[in-house]
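J.: Sharing a structure here in structure tokens format.
Please treat every number below as a calculation from the coordinates, not as lab data. Since the structure is predicted, the reported quantities are computational estimates derived from the model, not experimental observations. For neighbour counting, all protein chains shown are included, and Cβ atoms are generated from backbone atoms with ideal geometry for every residue, glycine included.
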């Protein structure tokens, strides 16, 4: 089959050459020894069909006339548009669908019966999909506990909204004070506050999984936990001396309206059974009737019996636990 095709191709060339020579002889204009030769190239031969971007190709021809005659060019394409009619032209494939397209050039020397043609293919590729958008952090909010103290653990909770979709977040917590009791790796942690009175706990969570750091933090200050303070104490002293001690105690309570008085009476072991109660009532009566202290401002307790009488005068800040009578 290949030998047969070669035979027919050679026969066509001989016919074209004979036709060109006959046409030239009849015209008696110039001597032609054969048809012109032609080759085509496309620069580039692969382009992309991207939106809002031109897909243009330069078509370059190389044609020669055996007789040195002037050459005429005719271009045709199966898609797009051409600019220019000479040896070189621009082919615009903008808007065409991806595929393989052909440009064909016909050349002659003024005699259309003696011509040559050639074609060149250009591949138009689809534009690659745009890269995915860069990851974006969600909006991270960390809620702090209300009314935190050093008497109970506190809880910090992170909530997320927005950010890159389809991501399963991770949570890594760091606290500036105390230690995490539970919840590390989750959206909520519990932090021990023991011994942190008057200090601040800053809890920072770094939300992972988004390819970029997504931190957020929240701080809570623990109020100074005041404790009960022993203002004075006295033993079995004279009545006037006791009044002087209670006068100073009443002045202290009046200067600190938010504080409570707490009085503990420890009786002598050999005292009568009702003697401790009588002393307690005597102290209350003096503070209320002689010093003007409201009965709601102080409490009198009777402690365990001791070797000798002892009276303790305490001042208790608001929210602080009262003293416990000692055995």
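J.: Using only the alpha-carbon atoms, how far is helix 275-285 inclined from the longest principal axis of the chain? Give it as 0 to 90 degrees, nearest 10.
T.: Compared with the principal axis, the helix lies near 70 degrees.
J.: Rounded to whole Å, give me the distance from the Cα center of region 224-275 to that of region 167-216.
T.: Comparing the Cα centres of region 224-275 and region 167-216, I get a distance of 47 Å.
J.: From the helices alone, meaning DSSP H stretches of at least four residues, give me the mean residue ellipticity at 222 nm for the chain, per-run term -39500 (n - 2.57), in deg cm²/dmol to the nearest 500.
T.: -5500 deg cm²/dmol
J.: Rank 218, 137, 127 by mean-square fluctuation in a GNM of the chain with C-alpha springs under 10 angstrom and give only the top-ranked residue.
T.: Fluctuation is largest for 127.
J.: Relative to a virtual label point 7 Å from the Cα of residue 230 in the Cα→beta-carbon direction, which members of region 302-322 show backbone nitrogen distances below 15 Å?
T.: 303-304, 306-316
J.: With labels modelled as points extended 7 Å from the Cα through the Cβ direction, what inter-label distance (nm, one decimal) is found for residue 289 paired with residue 301?
T.: Spacing of the two 7 Å Cα→Cβ label points: 2.7 nm.
J.: If you don't mind, another one. Could you state the angle between the C-alpha long axis of helix 239-255 and the longest principal axis of the C-alpha atoms of the chain, as a value from 0 to 90 degrees rounded to the nearest 10?
T.: 20
J.: How far, in degrees from 0 to 90, does helix 2-27 lean away from the longest principal axis of the Cα atoms of the chain, to the nearest 10?
T.: Taking the Cα atoms of the chain, the angle to 2-27 is about 60 degrees.
J.: Quick one: give the max-minus-min coordinate of the C-alpha atoms of the chain along each principal axis, largest first, in Å.
T.: Sorted largest first, the three principal extents are 160, 41, 23 Å.
J.: As an exercise, use a Förster radius of 22 Å and the Cβ-Cβ distance of residue 318 and residue 202 to find the FRET efficiency, rounded to the nearest 0.05.
T.: Efficiency at R0 = 22 Å is approximately 0.20.
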